[in-house]
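Notes to accompany the following structure.
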Amino acid sequence: QTFDYANPIVDKDDDDSKNLLEFYEHPILLDGHELGCTDAGNEQTPNDPCYDLCTNGGRYCHVSHHLVSGKDVVLEALRRLCIRKHYKSQHVYWQYISHFSQFCWDSDYYANDECVKDAFQHSGVDYQEIETCLQDSGDVTKDVENSLLQGVLQT
């Protein structure tokens, strides 16, 4: 018997209090400061080694894999942190993970906004609420600290 981590058994009535195990993913990020991606003079241009790996001016990084850039992996990790923050139900979180994994995991769709919106819709996640969370926690396109990603680095 195998356990499919993307589809845990959740009661049909969506009452999380009946679940015996609470499990969430914990994103693994690289500290861009320790990698030298935030050093003075680092312009984060497409020729820079940190450009495709990091967000927030080089602060939060992930290695690229399966033709998906590291910064797209960081953005997806942040989306999932926002879902956890705004939707306390594990059912909603895992529905999103399941749909995203099934339809958006391929490198052609991983960073595709329409695929992400579809995963939100199928899991009952409000797109605008998560977009607001992404911006409010610290815009990944700006050279600013992101409170949610910083929390991941500190754990």
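The values are calculated or read from the model by the stated rules, or taken from the named source; none is laboratory data. Please read all numbers here as calculations on a predicted model, not as lab measurements. Counting neighbours? That spans all protein chains shown, and the Cβs are built from the backbone with ideal geometry, glycine included. Each accessible area value is taken on the protein alone, full model and side chains, heavy atoms only, with ligands, DNA and RNA left out. Shrake-Rupley method; radii C 1.70, N 1.55, O 1.52, S 1.80 Å.
Ignoring any ligand, DNA or RNA, what whole percent of the accessible area of the stretch 45-109 comes from carbon and sulfur when the probe is 1.4 angstrom? Intermediate results must be reported in sequence, preceding the final value.
On the way: 1610 of 3050 Å².
Carbon with sulfur: 53 percent of the solvent-accessible area.
Which order, highest average first, do 92-103, 52-63 follow once you tally other Cβ atoms within 10 Å for each residue and take the mean per peptide?
Ranking, from highest mean packing down: 52-63, 92-103.
How high is the relative contact order of the stretch 23-155, in percent, counting Cα pairs under 8 Å that sit 6 or more residues apart? The partial results should precede the final answer.
Values: 163 pairs, mean separation 33.4, N = 133.
Normalised by residue count, the contact order of the stretch 23-155 is 25 percent.
With viscosity set to 0.692 mPa s at 37 °C, what whole-number translational diffusion coefficient in µm²/s follows for the stretch 96-137 from Stokes-Einstein and a Kirkwood radius over Cα pairs? If you can, show how the numbers build up before the last one.
Values: Rh = 10.5 Å.
So the translational diffusion coefficient is about 313 µm²/s.
In whole Hz and in residue order, list the ³J(HN,Hα) couplings for the stretch 28-36 that follow from phi through the Karplus curve 6.51 cos²θ - 1.76 cosθ + 1.60, θ = phi - 60°; x for Gly and Pro.
Working through the residues one at a time gives 10, 10, 9, 6, x, 5, 5, 7, x Hz.
Give me the tail of P(r) for the stretch 21-153 as a percent: Cα-Cα pairs with distance above 18 Å.
Numbers: 4654 of 8778 pairs.
Summing the P(r) of the stretch 21-153 above 18 Å gives 53 percent of all pairs.
Over 5 Å intervals from 0, what percent of Cα-Cα pairs in the stretch 78-155 sits in each interval?
Pairs per bin, as whole percents: 3, 16, 25, 22, 20, 12, 2.
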